[in-house]
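Working notes, beginning with the structure itself.
Laboratory data are not the source of any read-out in this text; all were calculated from the coordinates shown. Everything quoted here is computed from the prediction, not taken from an experiment. Note that each Cβ is placed from the backbone with ideal geometry, even for glycine, and that neighbours are counted across all protein chains shown.
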Amino acid sequence: MKFNQNKIRFALRFLTGILFVMILTSGRCSNQNNKEEKENANSGIEVKFSQTDWRKEAKEMVDHQIRSRNVSNKSVLKVMEETPRHNFVPDSYRRYAYTDQPLPIGEGQTISQPYIVALMTELLELQGDEKVLEIGTGSGYQAAILSQLTREVYTIEIVEPLYELSTAILEQMGFDNVKVKLGDGYQGWIEHAPFDAIIITAAPPEIPPKLIEQLKPGGKMVLPVGTVTQELKVVTKTLDGKIMERTEIGVRFVPMVHPKDSLKKNR
């Protein structure tokens, strides 16, 4: 009986040792995989989603998050379904790329909720031949959506690491009609004004006057406005230069960055 107990103890220790080695090996493999995924994320290339996987998730995103909330423009829905959103999201958040929420992209900024991207794009009422100005490039997702719906997109990012990131992603993905600038969005892009449409993806406390000036008569601007409380507004400049605005919904965006705030972040 004593011999049998010793055999049992030995067997248990042996199995425990094997289990420990398996766990350790698994952990090392997992760490290696995580390292490779981060390297791929930093290069702008996504390997976690197969072509079938992301297209299925994108379709579900459009069906359940966007179309169900009365965004009905067929061109907008098609582009939202055909654009791989996970390529614009940091590796640690890519599993959530097609979920109904904004996601961090670094530097205190976010990629907007898919529904909000679709809604703001639809509100511009693009016909396909416009020159559009975007303020707040972020990781480049909104610019990528716009580039497939219009002739030219000019987009300004004030945070240098995001400017570099978005430029790399948009170039790698072949969005050749998008021009990215590092600069102050409050000043617009006077060299290419006037614009048929302007979209702002961060919230200024009030509508920036210089952007109103750079909006073409007959054009539309869509933007969130406010500090503690924010509203999504559509601003229209009539053909005779009058400014009209309406409020769509309450929203929550990151604040539109001033140059001094950007300098503080980069120090």
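Each label point was placed 7 Å from the Cα along the Cα-to-Cβ direction; for Glu213 and Ile249 their separation is 3.4 nm. The Cβ shell under 11 Å around Gly241 holds other residues with a net charge of +1, Lys and Arg each +1, Asp and Glu each -1. For the pair Glu191 and Gln172, label points projected 7 Å from Cα toward Cβ lie 2.6 nm apart.
Annotation: amide H of Leu215 within the under-5 Å range of Phe195, sequence separation 5 or more or interchain, hydrogens built in the peptide plane. Applying 1/(1 + (r/R0)^6) with R0 = 25 Å to the Cβ-Cβ distance of Glu160 and Asp100 gives a FRET efficiency near 0.25.
Would you please classify the overall shape of the stretch 56-157 from the alpha carbon gyration tensor, given that a ≥ b ≥ c denote the square roots of the eigenvalues, rounded means a/c under 1.5, and beyond that prolate means a/b larger than b/c while oblate covers the rest? Verdict is oblate for the stretch 56-157. Counting only pairs 8 or more places apart or on different chains, how many lysine pairs in the stretch 159-267 have C-alpha atoms closer than 13 Å? Value for the stretch 159-267: 5. Cα extents for the stretch 106-266 along the principal axes, largest to smallest and rounded to whole angstrom: 41, 36, 31. Near Met256, the amide H atoms lying under 5 Å from its own belong to Ala203; only residues 5 or more places off or on other chains count, and H is placed 1.01 Å from N.
Cβ under 12 Å from Ala203's Cβ, Ala203 left aside: what net charge do those residues give with Lys, Arg +1 and Asp, Glu -1? Let's see the in-between values first.
Details: positive: Lys233, Arg252; negative: Glu206, Glu231.
Around Ala203, the surrounding residues sum to 0.
Computed 3J(HN,Hα) for the stretch 246-256, one whole-Hz value per residue from the Karplus formula 6.51 cos²θ - 1.76 cosθ + 1.60 where θ = phi - 60°, is 9, 9, 8, 8, x, 9, 9, 10, 5, x, 6, glycine and proline marked x. Protection proxy ranking for 157-170, 102-115, 235-248, 52-65, using the average of other Cβ atoms within 10 Å per residue and placing the highest first: 157-170, 102-115, 52-65, 235-248. Distant-in-sequence amide contacts of Thr137, defined by a placed amide H-H separation under 5 Å and a gap of 5 or more residues or a different chain, comprise Ile156, Glu157, Ile158.
Ordering Leu211, Leu133 from the fewest to the most neighbouring beta carbons within 10 Å gives Leu211, Leu133. Length gained on full extension, Glu231 to Lys56: 59.8 nm, using 0.36 nm per residue less the C-alpha separation.
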